[in-house]
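Right, one structure below, let's go through it.
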Amino acid sequence: AAATAPPSTEPPPPAKRTRASRAFVLTPEEDFLAAAGGRGGPPVALSIALPIGDPPLDGRTVTLALPLTATVGDLKAALHPETGVPPNKQKLAREGVGVMAADGATLAHYNLGPGVVVEFSVKTRGRK
């Protein structure tokens, strides 16, 4: 019969940091919606900080009113006339959360409410 090795006395390796380990923790979408007046609540004014670049990207802050049940894709579509940047070339980020990659996720999913500033940037591909 084969001998079995004794249990290891080495401490386990440190746990890897996960993306969710940031200081900011999102409130679950349904809880955020309930606190904001429910699914039929009034639209919220969102501030979107535009970068300085080619016009009309002039560093200003754009304010848009959308319901919390609107999607990130809806927000990008509403920004298109203001920025001239097609929705598929837009990248939006929220402090503490990072890039909002899921166009189908709602604004409530990312806890976007009054006083939150969304950072706008243009996606670049293939640059070296």
Segment 27-44 residues that are without any contact (Cβ under 8 Å) to a residue 24 or more places away in the chain and more than 12 Å from Thr69 (Cβ to Cβ), paired with ones that are open to solvent by less than 70 Å² (accessible area, probe 1.4 Å) and aliphatic (A, V, I, L, M) (beta carbon under 6 Å, 6 or more apart): none
Matching residues in segment 33-50 - criterion: being assigned to a helix (DSSP H, G or I) and buried (at least 18 other Cβ atoms within 10 Å of the Cβ): Leu33
Of all residues making up segment 73-82, the number that are within 18 Å of Gly41 (Cβ to Cβ) and under 13 Å from the mean Cα position of the chain (by Cα): 1
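Yes/no matrix, rows are residues, columns are (1) modelled with pLDDT under 95; (2) among the basic types (Lys, Arg):
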{"position": "Gly38", "(1), (2)": "yes, no"}
{"position": "Lys76", "(1), (2)": "no, yes"}
{"position": "Gly96", "(1), (2)": "yes, no"}
{"position": "Phe120", "(1), (2)": "no, no"}
Filter result for Leu26 (surrounded by 15 or more Cβ atoms within 10 Å (Cβ to Cβ), out of contact with any Leu (no Cβ under 8 Å at 6 or more places or on another chain) and not in a strand (DSSP E or B)): yes
Some residue of segment 70-90 being in contact with an Asp or Glu (Cβ under 8 Å, 6 or more places away or on another chain) and more than 18 Å from Lys123 (Cα to Cα): yes
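The values are calculated or read from the model by the stated rules, or taken from the named source; none is laboratory data. A quick note: this is a predicted structure, and the numbers were derived from the prediction, not measured. Positions of Cβ are backbone-derived with ideal geometry, glycine not excepted, and every protein chain shown enters the neighbour counts. The protein model used for the area step is the full one, side chains on, heavy atoms only, and it has no ligands, DNA or RNA in it. Shrake-Rupley method; radii C 1.70, N 1.55, O 1.52, S 1.80 Å.
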